[in-house]
Structures are given as C-alpha cells and as structure tokens.
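Participant: Have a look at the structure that comes next, please.
Only the coordinates and a few stated rules stand behind these numbers; no lab work does. Being a predicted model, the structure only gives us computed values, none of them experimental. Cβ placement follows ideal geometry from the backbone for every residue including glycine, while neighbour counts extend to all protein chains displayed.
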Amino acid sequence: MDAHVRRSSHPMPEMAVFIAELRSAFGDKAIDDAVSRGQSGEPAFYACENGNAVGTASPVNDNVWRVDADIRNRHYCPGCDGGCVGQGVGCKEWLHRKAGKEKA
C-alpha cells in the first residue's frame, strides 16, 4: 500500500494516506471490509478527492442544521464568553449587562 500512497500520480493521494493510517490503526481486514461494503452499495465507506469517488455516500438527510455565514463568521469580542449568543444583544451590551449584575 505504501508504494501506491507515495506515487505522485495517485488519483486520490490524501485519501490514500488517510486509508493507510486507518489500516495501521484498525488493521487491513477491517478497512478492506468497510471499503468492500461501500463498493457494493452500503453506505459504509465513501471517499471523494480530485473528482474521483469510491464507495457509497450516506443518504442525504433533510433534517439537518445548516450553518450559515452568521455562525461561521462569528468572532467573540475581547472579554466575551459567548453568553450573548441567542440573547438578541451584541457582545458590548451583554458585557455591560453582565457587569451590572456582578456589581449588584
């Protein structure tokens, strides 16, 4: 397997390295079984890289929470612990309110 992983022409070089690491951790039999099941249609193994795909992807689930830019680009202000999230106020107002409660 290592000879194939080190080839610069491998169609999925990152996945090959990852699979090699899985093989060393879990053994060839377990990984071969998962890959074989994925190739026969079970969603047990799926890998995609550089436009190449191997195995069977898991079914699409409509009941998922999609992260949008508001969450992805969230940066806490200095001194904020994230407690303002979901409170309808910004960090500055939240910290002001929190400081007022601590003084009381």
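Participant: Along its three principal axes, how long is the range 2-55 when you only count alpha carbons? Whole Å, largest extent first please.
Facilitator: 30, 26, 12
Participant: So, one more: Taking the Cβ-Cβ separation of residue 9 and residue 29 as r and a Förster radius of 41 Å, what is the calculated FRET efficiency to the nearest 0.05?
Facilitator: Rounded to the nearest 0.05, the efficiency is 0.90.
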